[in-house]
Amino acid sequence: MNMWNDSANSTYDLLLQLAQNEFSGCLEISHQSVYWWIYFELGKLFYATNSLEPFERLERYLKRLSHSNTQINGFTCSQVRVKFESNHQTNNSLTSSDYEAIKWLLQQEYIKQEEAVFLINKVMEEVLEACLLLPNFNLNILPNNIWHEVTFIVQNEVYSFLKKILQNLAEWQTLAPQIFSSYQRPYFFSQYNSQNNQLSSEKQQQLSRFLKGFSFRQLAAILDQDVLRIAQGLHPLITNGVVILREPRPPFSDLPSLATSQTQLNNSSIVKRETIQQNNNIFLDNKPLKIVQNSGTIICIDDSPIMLKQLNHFLADHNFSVHTVNDPLKALMEVIRIKPNLILMDVSMPNLDGYQLCRLLRNHSLFKTTPIIMVTGNKGLIDRAKAKIAGATDYLTKPFNQTELLKIIFRYLT
């Protein structure tokens, strides 16, 4: 039996109808190559996710929590990925693997109940924001014959939850046409005309340091700020040409534009959030930005001086203490001496390859949990498996750019 009628011509209408019918189950929505899964219990929302890098999304919000919860760190994020990410495409559990990861973090007492609610609600807001903008879609109902076994951490009333998202979307659309996606990537334009410049030299230096390819949503995690506040703060600088925007990276480029459903939002009975005031704009005031990513010590091990120089260049101006070692035989003693927070290690090195060195480090009591990132030109699954068996935390494939390197480092240096 259908739980909706023909008047449900938008995802917003569809979700409201399912709530009114006290639907229990999972609604699957698809548009082009993207899938959404929205979970209900008796007409209330308890989770929503989509197919676009769910663990990258979860880690962003874990990073927000890590600023007040010292149990959330790079090792915790690594545990979550190892335990749950491989099940993302072939998940046999009742709910999505990222929801199972949040449940596990709660059960293992890494996070408290209110922190689990924060994670779930933030993930749902981000996921449903794009879902509400879909111009057309396909849908399917997934069975819930053993729904009683699911642990419900939070259950949200649908109308009020969607109303908040529509309020945010209305504010996003005031930033169009310059900003059309929360996954766009702002860059500081160092050659802009500085005449009548309203930014202090210190603020310009700070902007140039971190506006290097992170999306608005990644910046929100780095600065521990609301993503809409980040976009509103940068909007005057984008309009003036101080900051330039690049397109969202795939797969986020597959999401609908924030400006696609203006009519629907204008017709909805919502009250817009108050637009950020210039005197509260963290990008225009003269106060230094509170960049909450922790600086740390990184050691780079590679027999190629060219690669070590490139890594040093990529990590410059990001508050890291960077050490380089080009002799794998000396690397173990250097690592013990320096005690880094993260290790970047090439796989193919003479005399002692990265796999062997990784195993030696993991056998040392000081480095049982230190993030070790294997850097290699090998793309095969066998090589990834060998890295995991050796004890590597993650894997970075050459060639890579600065954004890809910083993304994987910030994942573990929270």
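The values are calculated or read from the model by the stated rules, or taken from the named source; none is laboratory data. Note that the structure is a prediction, hence the values are computed from the model and not measured. So basically every Cβ, Gly included, is an ideal-geometry build from the backbone, and we count neighbours across all protein chains shown.
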Total residues in segment 352-385, condition closer than 17 Å to residue 86 by Cα and either touching a Phe, Trp or Tyr at 6+ places or on another chain (Cβ under 6 Å) or acidic (Asp, Glu) (or both):
2
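Take the conditions surrounded by 14 or more Cβ atoms within 10 Å (Cβ to Cβ) and modelled with pLDDT of 85 or more and apply them to residue 225. Does it pass?
Numbers: surrounded by 14 or more Cβ atoms within 10 Å (Cβ to Cβ): yes; modelled with pLDDT of 85 or more: yes.
Here the answer is yes, as residue 225 does meet what is asked.
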Just for helices (runs of 4 or more DSSP H) wholly inside segment 293-381: which have at least 3 residues that are touching a Gly at 6+ places or on another chain (Cβ under 9 Å) and either modelled with pLDDT of 90 or more or small (Gly, Ala, Ser) (or both)?
354-362
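Per-residue answers, yes or no, for (1) free of Cβ contacts under 8 Å to residues at least 24 places away in the same chain; (2) among the aromatic types (Phe, Trp, Tyr); (3) in contact with a helix residue (DSSP H, G or I) (Cβ under 6 Å, 6 or more places away or on another chain); (4) closer than 22 Å to residue 130 by Cβ:
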residue: 37; (1), (2), (3), (4): no, yes, no, yes
residue: 45; (1), (2), (3), (4): no, no, yes, yes
residue: 53; (1), (2), (3), (4): no, no, no, yes
residue: 60; (1), (2), (3), (4): no, no, yes, yes
residue: 78; (1), (2), (3), (4): no, no, no, no
Would you check if there is a residue in segment 200-209 being at pLDDT 75 or above and crowded, with 21+ Cβ neighbours inside 10 Å?
yes
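Just to be sure before I move on: is residue 245 in contact (Cβ under 8 Å) with a residue 24 or more places away in the chain, assigned to a helix (DSSP H, G or I) and among the hydrophobic types (A, V, I, L, M, F, W, C) in the structure I sent?
Details: in contact (Cβ under 8 Å) with a residue 24 or more places away in the chain: yes; assigned to a helix (DSSP H, G or I): no; among the hydrophobic types (A, V, I, L, M, F, W, C): yes.
Considered against the rule, which asks whether it is in contact (Cβ under 8 Å) with a residue 24 or more places away in the chain, assigned to a helix (DSSP H, G or I) and among the hydrophobic types (A, V, I, L, M, F, W, C), residue 245 comes out as no.
Here's a check for you: in segment 386-401, which residue that is under 23 Å from the mean Cα position of the chain (by Cα) and either among the hydrophobic types (A, V, I, L, M, F, W, C) or not assigned by TED's automatic domain parsing to the domain that holds residue 309 (or both) is surrounded by the most Cβ atoms within 10 Å (Cβ to Cβ)?
At the first step, the residues of segment 386-401 found to be under 23 Å from the mean Cα position of the chain (by Cα) are 388, 392-401.
If we keep only those that are either among the hydrophobic types (A, V, I, L, M, F, W, C) or not assigned by TED's automatic domain parsing to the domain that holds residue 309 (or both) as well, we get 392, 396, 400.
Values: 392: 25, 396: 16, 400: 14.
Only one residue fits best here, namely 392.
Report the residue count in segment 36-64 for those that are closer than 15 Å to residue 126 by Cβ and either assigned to a loop (DSSP other than H, G, I, E, B) or not basic (Lys, Arg) (or both). Step through it out loud before you land on a result.
Initially, segment 36-64 is screened for residues closer than 15 Å to residue 126 by Cβ, giving 36-38, 45, 47-64.
If we keep only those that are either assigned to a loop (DSSP other than H, G, I, E, B) or not basic (Lys, Arg) (or both) as well, we get 36-38, 45, 47-56, 58-59, 61-62.
Total satisfying the criteria: 18.
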Hey, does segment 5-24 have a residue that's modelled with pLDDT of 90 or more, acidic (Asp, Glu), part of a helix (DSSP H, G or I) and crowded, with 16+ Cβ neighbours inside 10 Å?
no
Give segment 325-335 a look and list any residue that's surrounded by 13 or more Cβ atoms within 10 Å (Cβ to Cβ) and under 18 Å from residue 367 (Cβ atoms), or say none.
325, 328, 331, 332, 334, 335
